[in-house]
Amino acid sequence: MDKFIEKVKDFLYDATDYVLILLIVVVVAGVIGWKLDILFAKGSDDENIASNTSKVEKEISKESKSKNKNKDKNKNSDKKASNKNDKQDNKKTDKEVKKEVIPVTIPQGSLPPAIANILVEQGVISDKYEFLKKSQEMQLDTKLRSGYYEIEKGSSLETIIKVIAKQQ
């Protein structure tokens, strides 16, 4: 009986090494699998990006055509009407300036500091560190995604972060 107990003890001592190795491998694989979706966006939105780009191009061409029509109408109208139209055009251009949209492309696999650098370069945000701090406060720093975004100039940090994290 003593020999049997000794063999069981030896087996347990030897087996614990293998169990610990397997446990470590399972934990590492679990962490990698859990965090892997953050690095690689599932279900790429390439089709959505292409369709959004074509829609934006159509809208821009429509706006330019309507501006040309407005200019032709202004030339044919009298001074009072042209003054009113000029004032309205100025108001429209003021609104358009306020709603200026900045196109931003974030490459796949970009981490939050790289995204912040891109946004600073494009003029969407002024301070990289404020963006990083706010994204961490909102707990969306791990949810920032790659892709093509159109962000209004002067948007708040919260809005920008939600757009890039695809929360809006």
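Please treat every number below as a calculation from the coordinates, not as lab data. All values derive from a computational prediction rather than experimental measurement. All Cβ positions, even for glycine, are placed from backbone atoms using ideal geometry, and neighbour counts span all protein chains on display.
If we keep just the residues of segment 107-142 that are β-branched (Val, Ile, Thr) and without any contact (Cβ under 8 Å) to a residue 60 or more places away in the chain, which is surrounded by the fewest Cβ atoms within 10 Å (Cβ to Cβ)?
Here is the first cut: in segment 107-142, the residues β-branched (Val, Ile, Thr) are 115, 118, 120, 124-125, 142.
Checking the rest, the ones that are also without any contact (Cβ under 8 Å) to a residue 60 or more places away in the chain come to 115, 118, 120, 124-125.
Details: 115: 24, 118: 18, 120: 14, 124: 23, 125: 19.
Step by step, filter segment 107-142, then rank; the result is 120.
Give me the residue from segment 95-106 that is surrounded by fewer than 17 Cβ atoms within 10 Å (Cβ to Cβ) and of a type in the set (A, V, I, L, M) and, out of that set, nearest to residue 145 (Cα to Cα). Quick ask: steps written out before the conclusion?
From segment 95-106, those surrounded by fewer than 17 Cβ atoms within 10 Å (Cβ to Cβ) are 95-103, 105; that's our starting set.
This time we only want the ones that are of a type in the set (A, V, I, L, M), so: 97, 101-102.
Values: 97: 27, 101: 19, 102: 17 Å.
Once the filter is applied, the top-ranked residue is 102.
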